[in-house]
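The structure under discussion appears below in the form of structure tokens.
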Amino acid sequence: MKIVFMGTPDFAVPSLKILLDNGYAVVAVVTAPDKPGGRKGVLQSAVKTFALKHDLLILQPTKLKDPEFLATLKSLNADLQIVVAFRMLPEAVWAMPPLGTMNLHGSLLPKYRGAAPINWAVIHGEKETGVTTFLLQHEIDTGELLFQEKTPIEENETAGEVYYRLMEIGAKLLLRSVKALESGTAKTSPQADIEATHAPKIHTDTCKIDFEQATIDVHNFIRGMSPFPGAWTMLDGKLLKILRTEKETANTAPPKAGEFLAEGNKVLKISTLDGYVRVLELQLEGKRRMNVQEFLNGRHLF
């Protein structure tokens, strides 16, 4: 069975690797175009870096409807296309192979359809999440379901920690799905659209912390944005990212929400609507990420 693999970030790499490790013929890898930057003057995707090491054909179209790209894709005669953390495909692409195009998504669909499912699941305080394989159709993340795998979310876990766990779980689920499609034993089921929730793309403004919320909501928001893009507030006119916290109940009425309180050089907490978040890791604009003791030892603001 010939497969075209489409993906860009490190989340997609274990899925590509597991296909190669199990002897599947990946006839091409489609990934994002290179970007300017870095020490070598160019930044390439994690998927491209991996594909180069394995001598795979790499396609980097700027436009997915480009006639030359479509002709090249068609000439590969792939039986199946697989998408892991790529961009939205036009029908001319996803409908091309006989077995269709399968997507691995970082949520338990139909919950958290969209660009940032892991972040929003953590932000909303979900107790579990997972990965889903499904076949693409017109509307984003709405296709027929193949398989799902669940995993718990611990109360202090960050989105980054969940991300790396789902990356590995997802690769194994993807292999299971490919084998089912190859053998003709795959059974699909429709999504319950009435249960759908959305996980829109996260922008810089989205990441601003509102401390005038309950402690649990502030804590969940911070860990849902950590480590990237990072929940932020302002301190002395500089952007301060809060990357890891713990919840703390207030024994008496807390001060106005958003107040910084330091206790010696080891404890820093910020007041919320009904308590505090105790800061464990943070990053001040222009500085490296550090734990709270390193931060307090270098400052005399409190």
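Can you name every residue in segment 247-279 that is in a strand (DSSP E or B), buried (at least 17 other Cβ atoms within 10 Å of the Cβ) and of a type outside the set (Ser, Thr, Tyr)? Correct list: Lys247, Glu248, Ala262, Leu268, Lys269, Ile270, Gly275, Val277, Arg278, Val279.
Within the bounds of segment 86-105, is there any residue that is over 22 Å from Glu182 (Cβ atoms), out of contact with any Asp or Glu (no Cβ under 9 Å at 6 or more places or on another chain) and buried (at least 18 other Cβ atoms within 10 Å of the Cβ)? No, because not a single residue in segment 86-105 is over 22 Å from Glu182 (Cβ atoms), out of contact with any Asp or Glu (no Cβ under 9 Å at 6 or more places or on another chain) and buried (at least 18 other Cβ atoms within 10 Å of the Cβ). Hey, any hits in segment 204-218 for a residue that's without any contact (Cβ under 8 Å) to a residue 40 or more places away in the chain, assigned to a loop (DSSP other than H, G, I, E, B), within 30 Å of Leu145 (Cα to Cα) and out of contact with any Phe, Trp or Tyr (no Cβ under 7 Å at 6 or more places or on another chain)? Within segment 204-218, not a single residue is without any contact (Cβ under 8 Å) to a residue 40 or more places away in the chain, assigned to a loop (DSSP other than H, G, I, E, B), within 30 Å of Leu145 (Cα to Cα) and out of contact with any Phe, Trp or Tyr (no Cβ under 7 Å at 6 or more places or on another chain). Every listed requirement among (1) crowded, with 21+ Cβ neighbours inside 10 Å; (2) assigned to a loop (DSSP other than H, G, I, E, B) is met by Ala186 save one, (1). Residues of segment 14-33 that are closer than 12 Å to His54 by Cα, surrounded by fewer than 21 Cβ atoms within 10 Å (Cβ to Cβ) and either touching a Gly at 6+ places or on another chain (Cβ under 6 Å) or of a type in the set (Val, Ile, Thr) (or both): Val26, Val27.
Taking into account only those residues within segment 176-194 that are of a type in the set (Ser, Thr, Tyr) and out of contact with any Ser or Thr (no Cβ under 6 Å at 6 or more places or on another chain), which is nearest to Asn22 (Cα to Cα)? Step by step, filter segment 176-194, then rank; the result is Ser183.
The numbered conditions (1) in contact (Cβ under 8 Å) with a residue 24 or more places away in the chain; (2) closer than 30 Å to Gly143 by Cβ are all true for Ser183 except (1). Those residues that are surrounded by fewer than 15 Cβ atoms within 10 Å (Cβ to Cβ), more than 17 Å from the chain's Cα centre (by Cα) and not charged (D, E, K, R), I need them from segment 119-175; list them, please. Listed by number, the residues that qualify are His138, Asn156.
In segment 183-213, what residues are under 18 Å from Lys269 (Cα atoms) and in contact with a strand residue (DSSP E or B) (Cβ under 8 Å, 6 or more places away or on another chain)?
Here is the first cut: in segment 183-213, the residues under 18 Å from Lys269 (Cα atoms) are 208-213.
Once the filter is applied, which keeps residues that are under 18 Å from Lys269 (Cα atoms) and in contact with a strand residue (DSSP E or B) (Cβ under 8 Å, 6 or more places away or on another chain), segment 183-213 yields Lys208, Ile209, Phe211.
Could you tell me whether any residue of segment 225-238 is surrounded by 14 or more Cβ atoms within 10 Å (Cβ to Cβ), in a loop (DSSP other than H, G, I, E, B) and free of Cβ contacts under 8 Å to residues at least 60 places away in the same chain? Step through it out loud before you land on a result.
Let us first name the residues in segment 225-238 that are surrounded by 14 or more Cβ atoms within 10 Å (Cβ to Cβ), namely 225-233, 235.
Next, only the ones that are in a loop (DSSP other than H, G, I, E, B) stay: 225-230.
Restricting the remaining residues to those that are free of Cβ contacts under 8 Å to residues at least 60 places away in the same chain gives 229-230.
Scanning segment 225-238 turns up at least one residue that is surrounded by 14 or more Cβ atoms within 10 Å (Cβ to Cβ), in a loop (DSSP other than H, G, I, E, B) and free of Cβ contacts under 8 Å to residues at least 60 places away in the same chain.
Filtered by the rule that a residue be among the aliphatic types (A, V, I, L, M) and either closer than 18 Å to Met225 by Cβ or touching a helix residue (DSSP H, G or I) at 6+ places or on another chain (Cβ under 7 Å) (or both), segment 268-299 gives Leu268, Ile270, Val277, Val279, Leu280, Leu282, Leu284, Met290, Val292. Here Glu161 clears all of (1) of a type outside the set (Ser, Thr, Tyr); (2) in contact (Cβ under 8 Å) with a residue 24 or more places away in the chain; (3) closer than 26 Å to Arg223 by Cβ except the condition numbered (2).
State all residues of segment 1-59 that are assigned to a strand (DSSP E or B), touching a residue at least 12 places away in the same chain (Cβ under 8 Å) and more than 14 Å from Gln81 (Cβ to Cβ); if no residue qualifies, say none. Break it down into steps so the answer makes sense when it comes.
Residues of segment 1-59 assigned to a strand (DSSP E or B): 2-7, 25-30, 35-36, 42-43, 58-59.
Applying the additional criterion that residues be touching a residue at least 12 places away in the same chain (Cβ under 8 Å) yields 2-7, 25-30, 58-59.
Ile58, the sole residue that qualifies.
Among the residues of segment 262-274, are any closer than 23 Å to Cys207 by Cβ, modelled with pLDDT of 90 or more and either within 24 Å of the chain's Cα centre (by Cα) or of a type in the set (Val, Ile, Thr) (or both)? Quick ask: steps written out before the conclusion?
Initially, segment 262-274 is screened for residues closer than 23 Å to Cys207 by Cβ, giving 268-274.
Checking the rest, the ones that are also modelled with pLDDT of 90 or more come to 268-274.
The next check asks that each one be either within 24 Å of the chain's Cα centre (by Cα) or of a type in the set (Val, Ile, Thr) (or both); those that pass are 270, 272.
Within segment 262-274, one or more residues are closer than 23 Å to Cys207 by Cβ, modelled with pLDDT of 90 or more and either within 24 Å of the chain's Cα centre (by Cα) or of a type in the set (Val, Ile, Thr) (or both).
The values are calculated or read from the model by the stated rules, or taken from the named source; none is laboratory data. Please read all numbers here as calculations on a predicted model, not as lab measurements. As a convention, Cβ positions derive from the backbone with ideal geometry for all residues, glycine included, and neighbour counts pool all protein chains shown.
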